[in-house]
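S.K.: Would you mind keeping the following structure in view while I ask a few things?
The values are calculated or read from the model by the stated rules, or taken from the named source; none is laboratory data. Note that the coordinates shown come from a computational prediction; the quantities given were computed from them, not determined experimentally. Every residue, glycine among them, receives a Cβ derived from its backbone with ideal geometry; neighbour counts consider all protein chains shown. Side chains are part of the model used for accessible areas, which takes the heavy atoms of the whole protein and leaves out ligands, DNA and RNA. Shrake-Rupley method; radii C 1.70, N 1.55, O 1.52, S 1.80 Å.
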2 protein chains.
Amino acid sequence: MSTPTTDIDRILSPDSVAIVGASTDKTKRGHQAIVTLQEGGYDGNIYPVNPSADEIRGLEVYPTVSAIPAQVDLALIVTPAQIVPQVLEDCGETDLAGAVVVAVGFGETGTDGEKLEEEIVSTAHEQGIRLIGPNTSGMINVHERLNLVGTDTVPEGGLALLCQSGNMAISLFTEAATRDEVGYSYYVGVGNEADLKFHEYLPFFDADPETDAVVCYIEGMSDGRSFLQAAREVTPETPIIALKSGRSDVGKRSASSHTGSLAGDSAVADAVFEQAGIVSVDRSDELLAVSNSLASLPAVDGPNVAILADGGGHATLAADALTERGLSVPPLTDATKDALREILPDAASVVNPVDVAGGTDEDQQVFVECAEAILADQNVDVLLLSGLFGGYGIRFAEQYTEVEIDAAAQLGELVTEHETPIVVQSAYEGFNPEPHAVLREAEIPVVESLDVAAASVSALVTYGKHRRTADAKSDFELPERPATTTSGRTTQLSEFAAKRALEAESLPVTPFELATTPEEAHDAASAFDGSVAMKIVSPDIVHKSDAGGVALNVDGTAVEQTYNELIKAASAYDPDANIEGVLVSPMREDAVELIVGVVDDEQFGPVVMVGLGGVFVEVLEDVAFRALPLTEADARAMLNDIDAQELLDGARGNPSVDRDAVVDLLCSVSTFVEENQNIAELDLNPVFATSEGVEIVDASISMVGESTLAHGEGAEILQEESDD
Amino acid sequence: MSTPTTDIDRILSPDSVAIVGASTDKTKRGHQAIVTLQEGGYDGNIYPVNPSADEIRGLEVYPTVSAIPAQVDLALIVTPAQIVPQVLEDCGETDLAGAVVVAVGFGETGTDGEKLEEEIVSTAHEQGIRLIGPNTSGMINVHERLNLVGTDTVPEGGLALLCQSGNMAISLFTEAATRDEVGYSYYVGVGNEADLKFHEYLPFFDADPETDAVVCYIEGMSDGRSFLQAAREVTPETPIIALKSGRSDVGKRSASSHTGSLAGDSAVADAVFEQAGIVSVDRSDELLAVSNSLASLPAVDGPNVAILADGGGHATLAADALTERGLSVPPLTDATKDALREILPDAASVVNPVDVAGGTDEDQQVFVECAEAILADQNVDVLLLSGLFGGYGIRFAEQYTEVEIDAAAQLGELVTEHETPIVVQSAYEGFNPEPHAVLREAEIPVVESLDVAAASVSALVTYGKHRRTADAKSDFELPERPATTTSGRTTQLSEFAAKRALEAESLPVTPFELATTPEEAHDAASAFDGSVAMKIVSPDIVHKSDAGGVALNVDGTAVEQTYNELIKAASAYDPDANIEGVLVSPMREDAVELIVGVVDDEQFGPVVMVGLGGVFVEVLEDVAFRALPLTEADARAMLNDIDAQELLDGARGNPSVDRDAVVDLLCSVSTFVEENQNIAELDLNPVFATSEGVEIVDASISMVGESTLAHGEGAEILQEESDD
């Protein structure tokens, strides 16, 4: 059964709603849902459905959805899990677009629940219906006052919330409720993602005029690859901010028992989110503030932040918080400094951070004058105003509140005029003073915490960069992955077969010859200058070193004897192994060792990894990930993600590495895996990198089933050679 | 002039205060200070001082402090900087204990200001007076309503605040003001620390019954070593929490312009704070919450945290936040799980995190029942309750507020009964609901942010561990450092001299011989098994490799020729160098390379550093610091601070390192530097570590002036040998 055409507009913005499981009992969800819709002011038609009631709160009750004598767009199903299939079955004769299934007891509870979940999805699809949930707290269209959750009134605003935990949603609503001018356009509790998935909501929110940004709380995704694809199309226009939980092992345990879906590895998730232009947040207390900043403010052109503080402590702490997040706090130009000196007292610091040193104590209009001077500075991409703004009326004298309200409005005008964002941090944010409401109305975010302010600025810079460079990635298209790649048995290619396959696709492999006799080994070694590396070739021996099957730095005179020793050791290690010979390669030295690998992530499909080899991978886990396929920009960004990347640039007497060659290699690996979709795993370790280029010194490939590589080179060659 | 005996009680808890610079002008600080004291309800005597006024707000005005006909404990001096020396001069005939100098224009402004600062300190000391400031917003004794700052009323509580920024103090007061039951006992704006320094307040706060914890905001310390000493004595009883700013380069620029003192390196500060039992906080938005938790709660016995959440999202995020901070979220015992199953619905998760899955929606008493079961679990050292507690009355039904108030009180009783802390995170904290006030009154901290809650739990665990182990460190005493070590020219010892000195103190140095002829080199090499390392010995050549003065893996037959080559290369490199010969040592292999060094930190004096050698130090900066002298526990903790410490334990085919031997080496180095206080810098790089022990392979020592090492070995030997 294929997925029916989805009318997401009718699901998220329905003109009529059926409440299936409507109840006359005031304590039941099926009653409260109607109360919430009526009292909330929903304009559409409400159709209670219950076979044994006639009227609820003045509304006619229907025995079934199909008995409703009008078009129904959406059903809220609050019946127990077991009844859901029957309810959906009944909807076949209607033109229902979607249903929200609230009940628990599906995929999150084990095998029986999984079956029931499959049943409701297939039944729904048969009837042309798409499902939200199950195991969801519901859905809210805030602007149309369609609240199918029954929570307090949700503050109205520009954030669309896709959330995999009802309580997190309540937290986020509550956090916004104490702040003027921060709020939501939609809430969708995606629940178990049995049918409608995270990515399917994104185009709707992107097109929705009420939505300025999409906020995602994700425990585990059932189709991460499509999410990346959809996000990549949306983020050039609409920011997406994601908090991914289940990052720890214990966290995973809990996520699993909660949503029934496996939580992914945060290293992969953060990287692929970045690649798709999604802004990752790793603290729940930063999610709303960061999202609100991205929803409000103009795009940022660069990483240079000016700090305007009304105290040295805030100035210093702000500089710490920004630079620790990789932002730049550059000196202001002489012209700006001169302008600030005119405005501020002698004790002020005008370098950056700017410390007004009491200059605003008696006139907060001075903040506007300083901001104006700073925003005119070509070096400044964003301004962080830190300290007590908005609290002067509380702290010093009541009449200052009016001055601050005035100043707040003018700051808003400056943002519009200069198209440069201002973020305000104020110790008085908890008081929710009037000047802060004015700031927020003027789309200037205000937060209490300096660290959260810095995180917001950082997100603005990150997202600004993505918007500037997103065009370059517009041809990005994630390939369909065959289902076979994520299951089924795999075949390990021998190093020889793997290298032949890579070489056939013009990937840079160290020269190699397969020798099947001591004499062939000697001839091969003679053809290479200097000493050689010799490695046993057998599809049955994966860990060649463990088998005594590797000899390095073999001198020309010792090649034949070494050949015999390797064969003997490998045969002793595994008497049944099919030994095809010995691979002979020239020794390479004075290179930086890299590892390049491709693995199939359970949420995001094939991802490529790069890192410095050895201890950097195994002990420090200093690696970078991206989803396939890679753009050149992606590959370059991967290298910049490596903590010890200084080692690529000649640190500690290492050769300076040709980064372009590494980038080429990563892109070639991407193409190679794209064109050979039955590759289950690929490991190039080590890759030697120098200023001259890169060389794959060892390679390991495993494939799904018995499949061959593209054009069959790998397997054919393997076959040919082993037939010899 | 020596520092006068300090009566810190009379300074921080004065019975009488003179306001020097008192004014009839209502807009002046010298007037407002009197208003604040009178209206705040200060019980002591207030003596305005102004030569040209008779009466201010009903108080008799005196022309000078010495004209006051009664004992005065403390003076608040609000005159301009230039007049301060004269004011202090006049106080000589009084019994004044201290003065708060508010004026700016001292050390923070440059050379002239520094001179003036020195002048006021020496004048004060001549008169037996100690100074707070200058460049301070003042001092507050909250419980005695002595407010010398003129800020809003500061909420009363158990936190003593030592703060180097007036605006940070306002931020922290404001943050507390929006939360019931969080507040301060004292505030001291330490300002430029010209006289009274951070450490001098600590014993007073430790003894003060109103103070439960000391909170420090530090930009730069003028006597960090004494602070560590004092903190070490205080922290076993009273927690100290510190936020150190100026961590970034830009931050340093601002800190410098603000307080005139240099901000230190955060790596060093964090480490030496930990060593002294101080809890470091690196986000300003965590300082108050963490401090409040430490002030309120009983000591924690271990790192095992139980999570009780009313939603899967909070459960998962809490687990993430705790495990990312290195805490443990272990499974509960079967008995606890059984007990929880009795209480909670079937859908609940009872493993840990515990997710009540709706079990508290209609009865919040269930939180108490769950908490009781969890606190009875022997595996649980601390409980984090996360979600909506305190908000059920807001979210669901008003009558729940009473239930939550009740539950809050019972949770408080559980903490007392089990002596196990509970930390509460609630999305409704911003509403400041009544149940939260009850929790706080019961000494259970409540915060809005899950991450801040996790940081609080982490701080409780860190501090709990310190209290348990602090006794083992009670003999810790920091030595007085001679002033000469931080200035003056230094002399570099040759490697030979350095090694002789180390060997003389029984430090494990690789065997070595100084050869002054090729024949001596040959004889030395013959005495060692296998090939040797040969290095030029010259006090004038520090970078031996650059001079071509190092040969490794020299075969016995090549030693004489190599000797000549090394001498030739070194002479060519520096024709004027005094070349003493060539050091011959056996080659060592298959060891883990370490670096051990001692540097003189400008704030904290001599600190020892250890790290894995090479790239780990130079690129990854993966090192650990501690102040000297080290205890064995300190040394062991250093190794645990190294990120890549896995490499000490046999990772990646490395030899497993004898950690005890490394600990011994670090302690020996500590003793060596203690006993030779004119060592300016010491560098043991590399040290080879194996399962057999450690060996110092290369050593470099520089000394202050021409001084010799203890007993003169180093220099004497150097002298003897070069006389040969």
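S.K.: Can we say A:V550 is touching a residue at least 24 places away in the same chain (Cβ under 8 Å) and of a type in the set (A, V, I, L, M, F, W, C)?
M.R.: Answer is no for this residue.
S.K.: May I ask you to list the residues in the range A:165-185 that are of a type outside the set (S, T, Y) and within 7 Å of chain B (Cβ to nearest Cβ)?
M.R.: A:G166, A:N167, A:M168, A:I170, A:E175
S.K.: Need at least 3 residues that are of a type outside the set (D, E) and under 19 Å from B:L493 (Cα atoms) per element, so show me which strands (runs of 3 or more DSSP E) inside the range B:577-691 make the cut, counting only ones lying wholly within it.
M.R.: Because the criterion is at least 3 residues that are of a type outside the set (D, E) and under 19 Å from B:L493 (Cα atoms), the strands (runs of 3 or more DSSP E) in the range B:577-691 that meet it are B:581-586, B:592-601, B:679-690.
S.K.: Further question: Among (1) under 30 Å from B:Q32 (Cβ atoms); (2) in contact (Cβ under 8 Å) with a residue 24 or more places away in the chain; (3) surrounded by 23 or more Cβ atoms within 10 Å (Cβ to Cβ), there is one condition B:M221 misses while meeting the rest; what is its number?
M.R.: (1) is the only condition that B:M221 fails.
S.K.: Here is a follow-up. Among the numbered conditions (1) crowded, with 22+ Cβ neighbours inside 10 Å; (2) within 14 Å of chain B (Cβ to nearest Cβ), tell me where A:L439 comes up short.
M.R.: (2)
S.K.: Oh, and also: Filter the range A:391-412 for residues that are in contact with a strand residue (DSSP E or B) (Cβ under 8 Å, 6 or more places away or on another chain) and either modelled with pLDDT under 95 or within 11 Å of chain B (Cβ to nearest Cβ) (or both) and give the result.
M.R.: A:G391
S.K.: Checking the structure you have, find out if any residue of the range B:635-647 is open to solvent by less than 40 Å² (accessible area, probe 1.4 Å), of a type outside the set (A, V, I, L, M, F, W, C), modelled with pLDDT of 90 or more and under 25 Å from the mean Cα position of the chain (by Cα).
M.R.: No, the conditions are met nowhere in the range B:635-647.
S.K.: If you don't mind, another one. Only one of (1) among the small types (G, A, S); (2) part of a loop (DSSP other than H, G, I, E, B); (3) open to solvent by 40 Å² or more (accessible area, probe 1.4 Å) is not met by A:G302, so which one is it?
M.R.: Result: A:G302 fails condition (3) only.
S.K.: Pick from A:E372, A:E402: which is under 27 Å from A:P330 (Cβ atoms) and open to solvent by 20 Å² or more (accessible area, probe 1.4 Å)?
M.R.: None of the others qualify; the one that does is A:E372.
S.K.: Condition first: closer than 21 Å to A:A75 by Cβ and in contact (Cβ under 8 Å) with a residue 24 or more places away in the chain. Now tell me which residues in the range A:144-153 satisfy that.
M.R.: A:E144, A:R145, A:L146, A:N147, A:L148, A:V149, A:G150
S.K.: Can we say B:N50 is open to solvent by 40 Å² or more (accessible area, probe 1.4 Å), more than 16 Å from B:L131 (Cβ to Cβ) and modelled with pLDDT of 95 or more?
M.R.: Against the criterion (open to solvent by 40 Å² or more (accessible area, probe 1.4 Å), more than 16 Å from B:L131 (Cβ to Cβ) and modelled with pLDDT of 95 or more), B:N50 does not qualify.
S.K.: Let me ask something else. When the range A:272-286 is examined, which residues are found to be in a helix (DSSP H, G or I) and out of contact with any helix residue (DSSP H, G or I) (no Cβ under 7 Å at 6 or more places or on another chain)?
M.R.: A:F273, A:E274
S.K.: Which condition does A:S426 not pass, out of (1) within 11 Å of another protein chain (Cβ to nearest Cβ); (2) more than 33 Å from the chain's Cα centre (by Cα); (3) closer than 30 Å to A:S284 by Cα; (4) open to solvent by less than 50 Å² (accessible area, probe 1.4 Å), if it passes all the others?
M.R.: (2)
S.K.: Go through the range B:536-570 residue by residue and tally those that are under 18 Å from B:E513 (Cα atoms) and open to solvent by less than 80 Å² (accessible area, probe 1.4 Å).
M.R.: Residues that pass the stated criteria total 17.
S.K.: Related question: Against the definition (closer than 20 Å to B:A454 by Cα and within 14 Å of chain A (Cβ to nearest Cβ)), how does B:G387 come out, yes or no?
M.R.: Against the criterion (closer than 20 Å to B:A454 by Cα and within 14 Å of chain A (Cβ to nearest Cβ)), B:G387 qualifies.
S.K.: Further question on the same structure: Where in the range A:80-174 are the strands (runs of 3 or more DSSP E), entirely inside, with at least 3 residues that are in contact with an Asp or Glu (Cβ under 8 Å, 6 or more places away or on another chain) and crowded, with 20+ Cβ neighbours inside 10 Å?
M.R.: Result: A:130-132, A:156-163.
S.K.: Still on this structure, please answer the following. Can you name every residue in the range B:387-446 that is farther than 27 Å from A:Q32 by Cβ and among the hydroxyl-bearing types (S, T, Y)?
M.R.: Of everything in the range B:387-446, those that are farther than 27 Å from A:Q32 by Cβ and among the hydroxyl-bearing types (S, T, Y) turn out to be B:T416, B:T420.
S.K.: When only residues in the range A:351-369 that are of a type outside the set (G, A, S) and surrounded by fewer than 23 Cβ atoms within 10 Å (Cβ to Cβ) count, which is nearest to A:D451 (Cα to Cα)?
M.R.: Taking the candidates together, the pick is A:V351.
S.K.: Right, here's the next one. May I ask you to list the residues in the range A:376-390 that are over 13 Å from A:P331 (Cβ atoms) and open to solvent by 10 Å² or more (accessible area, probe 1.4 Å)?
M.R.: A:A376, A:D381
S.K.: When you check A:N292 against the structure, is it in a loop (DSSP other than H, G, I, E, B) and buried (at least 24 other Cβ atoms within 10 Å of the Cβ), yes or no?
M.R.: No, not satisfied.
S.K.: Hey, among B:L76, B:L59, which residue is open to solvent by less than 10 Å² (accessible area, probe 1.4 Å), at pLDDT 95 or above and not assigned by TED's automatic domain parsing to the domain that holds B:G191?
M.R.: B:L76
S.K.: Restricting to the range B:335-361, name every residue that is in a helix (DSSP H, G or I) and of a type outside the set (V, I, T).
M.R.: B:A335, B:K337, B:D338, B:A339, B:L340, B:R341, B:E342, listed by residue number.
S.K.: For the range A:311-328, which residues satisfy the criterion of being more than 7 Å from chain B (Cβ to nearest Cβ) and part of a helix (DSSP H, G or I)?
M.R.: Result: A:A318, A:A321, A:L322.
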